[in-house]
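Peer 1: Got a structure for you, questions after.
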Amino acid sequence: MLRMSTLFLRTLRDDPADAEVASHRLLVRAGYIRRAAPGGFSWLPLGWIVFQNLERVVREEMDAAGFQEVHFPALLPKEPYELTGRWTEYGDNLFRLKDRRGADFLLAPTHEEMFTLLVKDLYGSYKDLPVSLYQIQTKYRDEARPRAGLLRGREFVMKDSYSFDIDDAGLQDSYDAHRAAYISLFERLELPYVIVSAMSGAMGGSASEEFLAPMDVGEDTFVRCTSCDFAANVEAVATSAPDAIPFDELPAAVVHDTPDTPTIATLVDCVNAADELRHPSRDWTAADTLKNVVVNVRQPDGSVEPLAIGLPGDREVDMKRLEAQLSPGVPEPFAEADFAKHPTLVKGYIGPGVLGTDNSSEIRYLVDPRIVDGTAWITGADTTGNHVINLTAGRDFTADGTIEAAEVRAGDACPNCGADVEIARGIELAHIFQLGRKYAEALELTVQNENGRPVTPTMGSYGVGVSRALAAIAEHSHDDIGLCWPREIAPADIHIVMAGKEGGPQRPAAEQLAATLEEAGLRILFDDRVKVSPGVRFKDAELIGVPTIAVVGRGVADEENPTIEVKDRRTGDRVDIPLADAVDHLIALCQP
RNA sequence: CGGGAUGUAGCGCAGCUUGGUUAGCGCGCCUGCUUUGGGAGCAGGAGGCCGAGAGUUCGAAUCUCUCCAUCCCGACCA
């Protein structure tokens, strides 16, 4: 039994000034966590109970699915991460340190290498597979910008699983098993989620989905169809390309003077204002223009190459989408000095005429998938103050390929069914993907097949942010006055509030109720504090968020028909229950 | 890493423009009395290297510079 008279807890009346999102604000105010370091939090007794409850639920679901738990050091030597390339590829987000002899170590951001080496260490036969292992551990990432409390720390707890299979069919089965386990987990945690297609990012790999909790505080943007069940992270949305248009009827491309038109807006105004440039039947819009953006792409080995991207002028480059496409390369701005090195690029008037590896700029040129053969564009003529009209793809220019870098907008066509898509934000709860053989090959994990030949297993990777999920639950399940935990992870089943004069019948009644319920197996948080006004007890109970609040107060003073008040934290509904029935009533409430 | 804001007691804030006693207020904390169904009242207390460092000055929370941290907005991820 947790007695508030002795519980290590101090609730705060005011919101902490540095907390913006509800979960952070309330977890600090209610005495669950304290900030201890940039991006790091200490867990207080109430918080640690909730955390461990959550961890237990995760563990139960994993074990039920037949996955086995292991545990690794967080402090790891560099060598395995060098073999897979991640010592460098992971970049600044990796915490690196040296031991007293100067040897390089890291604090693990994830443990793919260690799982792979562990299987290599012990298993050698196809008969040993499949196997799925998991860990629940603290991970370290030197985030450029930790924020929103537990939602994005530099130190956080992750449950990650890895599957090892002999072939693609087995991998698919393992993937499906994890997907099912995660659905079961999030249902049990009463967390809303959407499963979206995703990019595998820095981990490498192919088939990939994310579980997002659809909430505005989330950092991920995803797209979903208003008609069918398509949903994807915005990074993974494939633009549906229109059919190619025959060239036969299309007018020839003509270069025109368009003075002082370095931007799309000025260009559109200019071509609509000049009679000889006007569209025969309507006004030109930004969507008729072809915008060419040049960036530098830096690879992990430090090499830098320029890349030109062509996209309809009414769309911006979405940096997240672009980065996902270029990974592990990262885009950097194309600076004035870079323009100086490429005199064929005329800032504000760059056109496909000079772009492409076969043209004068020798810069790789990738275009938006909408720019199919036969589409005609107003675009830069590569000399200051000039644009070309009706420059037609496939006839007048050819790109080196396509790239998904243009922003996705609400109302765009669903790649699946063509209906409008909508855009929403979500918290990334989990990410599952098929890693393939990248790690197994790099670390030389092989097993023998039926013929005694070595074969490389294929792997899957499945992560759940445990500390983040706790914050997401708080984010999903709270109101203006405090938290409302799902019973399974709540710090207690019943919060007993004693309200009445010391010396009255309330204390003995509350003490006995608490003891009886505890004996019956319920978890009790008992506000037995003296010299604390009733208002404070009620406010604290609502802030702390135990799902059921039992008030032992004036009702028990009625000698004829003593009652207690039972309040549902989430709905606010209160009912008076005869004291004699209270135990049975409360026990019944806590049955699943 | 760029842009903006903020660092004063456990928490929330004032003071800074215009430098000048012992740095204030509310909450919380300690002592006593009263109070006990919605963050109680009275009285008395404790608690501060004013984010750090350097400088200007007779004198700095206050002015200057540098750093650090926090939060928000943009580029990474569970």
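The values are calculated or read from the model by the stated rules, or taken from the named source; none is laboratory data. Note that the coordinates shown come from a computational prediction; the quantities given were computed from them, not determined experimentally. A quick note on method: Cβ atoms are made from the backbone with ideal geometry, for glycine too, and the neighbour counts reach across all protein chains shown. Just so you know, the surface numbers come from the protein's heavy atoms only, side chains and all, with ligands and any DNA or RNA stripped out. Shrake-Rupley method; radii C 1.70, N 1.55, O 1.52, S 1.80 Å.
Peer 1: Just want the answer: with Cβ charges of +1 for Lys and Arg and -1 for Asp and Glu, which residue in A:A510, A:A520, A:I481 is farthest toward the dipole's positive end in region A:426-578?
Peer 2: Value computed over the given set: A:I481.
Peer 1: Is region A:492-589 best put as rounded, prolate or oblate by its Cα gyration tensor, with a ≥ b ≥ c the root eigenvalues, rounded for a/c under 1.5, and otherwise prolate when a/b is larger than b/c, oblate when not?
Peer 2: Here region A:492-589 falls in the rounded category.
Peer 1: Which log10 I(q)/I(0) values does region A:254-402 give at q = 0.10, 0.11, 0.12, 0.19 Å⁻¹ under the Debye formula, counting every alpha carbon as one identical point scatterer?
Peer 2: The computed values of log10 I(q)/I(0) come out as -0.34, -0.41, -0.48, -1.16.
Peer 1: Enter the per residue convex hull volume of region A:83-181, computed from alpha-carbon coordinates, in Å³ rounded to the nearest integer.
Peer 2: 146 Å³
Peer 1: Residue by residue through region A:90-102, what is 3J(HN,Hα) from phi via Karplus (6.51 cos²θ - 1.76 cosθ + 1.60, θ = phi - 60°)? Round to whole Hz and write x for glycine and proline.
Peer 2: Whole-Hz 3J(HN,Hα) from phi for region A:90-102: 6, x, 5, 6, 8, 7, 10, 8, 10, 8, 5, 8, x.
Peer 1: Between the DSSP loop rule and a limit of at most 13 other Cβ atoms within 10 Å, which trypsin sites (Lys or Arg not before Pro) in region A:220-309 are left?
Peer 2: Qualifying residues, ordered by number: A:R278, A:R282.
Peer 1: Classify region A:349-433 as rounded, prolate or oblate, taking a ≥ b ≥ c as the square roots of the eigenvalues of its Cα gyration tensor: rounded when a/c is under 1.5, otherwise prolate if a/b is larger than b/c and oblate if not.
Peer 2: Verdict is prolate for region A:349-433.
Peer 1: Calculate the FRET efficiency for A:D283 and A:E219 from the Cβ-Cβ distance with a Förster distance of 45 Å, rounded to the nearest 0.05.
Peer 2: 0.70
Peer 1: Same structure again: Helix A:506-519 sits at what angle to the longest principal axis of chain A, using alpha carbons and giving 0 to 90 degrees rounded to 10?
Peer 2: 70 degrees
Peer 1: Next question, about the same structure. Counting only C-alpha contacts under 8 Å and six or more residues apart, can you give the relative contact order of region A:492-589 as a whole percent?
Peer 2: 31 percent.
Peer 1: Quick one: which residues, 5 or more positions from A:A381 or on another chain, have an amide H under 5 Å from its amide H? H modelled 1.01 Å from N in the peptide plane, none for Pro or chain starts.
Peer 2: Residues meeting the amide H criterion: A:N386, A:H387, A:V388.
Peer 1: If you plug each phi of region A:16-26 into the Karplus form 6.51 cos²θ - 1.76 cosθ + 1.60 with θ = phi - 60°, what whole-Hz ³J(HN,Hα) values come out, in order, with x for Gly and Pro?
Peer 2: x, 5, 8, 9, 9, 7, 4, 4, 4, 4, 6
Peer 1: Let me ask something else. What do you get for GluC sites (Glu not before Pro) in region A:360-430 restricted to DSSP loop and a cutoff of at most 14 other Cβ within 10 Å of the site's Cβ?
Peer 2: Those satisfying the criteria are A:E362.
Peer 1: So for region A:388-511, considering every pair of alpha-carbon atoms, how many percent are separated by more than 20 Å?
Peer 2: 78 percent
Peer 1: Identify unpaired cysteines across chain A, taking unpaired to mean no other cysteine Cβ lies under 4.7 Å from the residue's Cβ.
Peer 2: Lone cysteines by the Cβ rule: A:C270, A:C484, A:C590.
Peer 1: Give me the accessible area per residue for region A:254-402, probe 1.4 Å, as a whole number in Å².
Peer 2: 46 Å²
Peer 1: Can you give me the convex hull volume of the Cα atoms of chain A, divided per residue and expressed in Å³?
Peer 2: Cα convex hull per residue, to the nearest whole number: 216 Å³.
Peer 1: How far, in degrees from 0 to 90, does helix A:112-122 lean away from the longest principal axis of the Cα atoms of chain A, to the nearest 10?
Peer 2: 70 degrees
Peer 1: Using the Cα gyration tensor of region A:1-159, with a ≥ b ≥ c the square roots of its eigenvalues, what is the shape: rounded (a/c below 1.5), prolate (a/b larger than b/c) or oblate (neither)?
Peer 2: oblate
Peer 1: Show me the GluC sites (Glu not before Pro) within region A:432-505 that DSSP assigns to loop and that have at most 16 other Cβ atoms within 10 Å of their Cβ.
Peer 2: Sites meeting the loop and neighbour criteria: A:E444, A:E450, A:E488, A:E502.
Peer 1: From Cα pairs below 8 angstrom and at least 6 apart in sequence, can you work out the relative contact order of chain A, rounded to a whole percent?
Peer 2: Reported as a whole number, the value is 17 percent.
Peer 1: I would also like to ask the following. If I fit a long axis through the Cα atoms of helix A:168-188 and take the longest principal axis of the Cα atoms of chain A, what angle between them do I get, 0 to 90°, rounded to 10?
Peer 2: 50 degrees
Peer 1: Given +1 on the Cβ of Lys and Arg, -1 on the Cβ of Asp and Glu, and no further charges, what dipole in debye does chain A carry about its Cα centre, rounded to the nearest 20?
Peer 2: Rounded to the nearest 20 debye, it is 2240 debye.
Peer 1: Taking amide H atoms as placed 1.01 Å from N in the peptide plane, list the residues 5 or more away in sequence, or in a different chain, whose amide H sits under 5 Å from that of A:E69.
Peer 2: Under 5 Å from the amide H of A:E69: A:Y134.
Peer 1: Return the sequence-ordered ³J(HN,Hα) values of region A:371-380 in whole Hz as given by the Karplus equation 6.51 cos²θ - 1.76 cosθ + 1.60 applied to θ = phi - 60°, using x for Gly and Pro.
Peer 2: Once θ is set to phi - 60°, the couplings for region A:371-380 become 8, 8, 3, x, 7, 10, 9, 9, 8, x Hz.
Peer 1: A:T289's amide H: which non-local residues (gap 5+, or another chain) put their own amide H closer than 5 Å, with H modeled 1.01 Å from N in plane and none for Pro or chain starts?
Peer 2: The list, which skips near neighbours in sequence, is A:G313, A:D314, A:I378.
Peer 1: May I ask which of A:K98/A:K120; A:K139/A:K320; A:K501/A:K539; A:K127/A:K159; A:K98/A:K320; A:K78/A:K139 have a Cα-Cα span longer than 22 Å here?
Peer 2: Cα-Cα > 22 Å for A:K98/A:K120; A:K139/A:K320; A:K127/A:K159; A:K98/A:K320; rest within.
Peer 1: Put +1 on the Cβ of each Lys and Arg and -1 on the Cβ of each Asp and Glu in chain A; which of A:N272, A:S467, A:I49 then has its Cα farthest toward the positive end of the dipole?
Peer 2: So the residue we want is A:I49.
Peer 1: Tell me the mean residue ellipticity at 222 nm calculated for chain A from its helices only (DSSP H runs of n ≥ 4, each -39500 (n - 2.57), averaged over every residue, nearest 500).
Peer 2: -7500 deg cm²/dmol
Peer 1: Just grab the label-to-label distance for A:S184 and A:E441, each label 7 Å out from Cα along the Cβ direction, in nm (one decimal).
Peer 2: In this crude spin-label approximation the distance works out to 3.4 nm.
Peer 1: Quote the relative contact order of region A:254-402 in percent (integer), defining contacts as alpha-carbon pairs under 8 Å separated by 6+ residues.
Peer 2: Relative contact order, region A:254-402: 26 percent.
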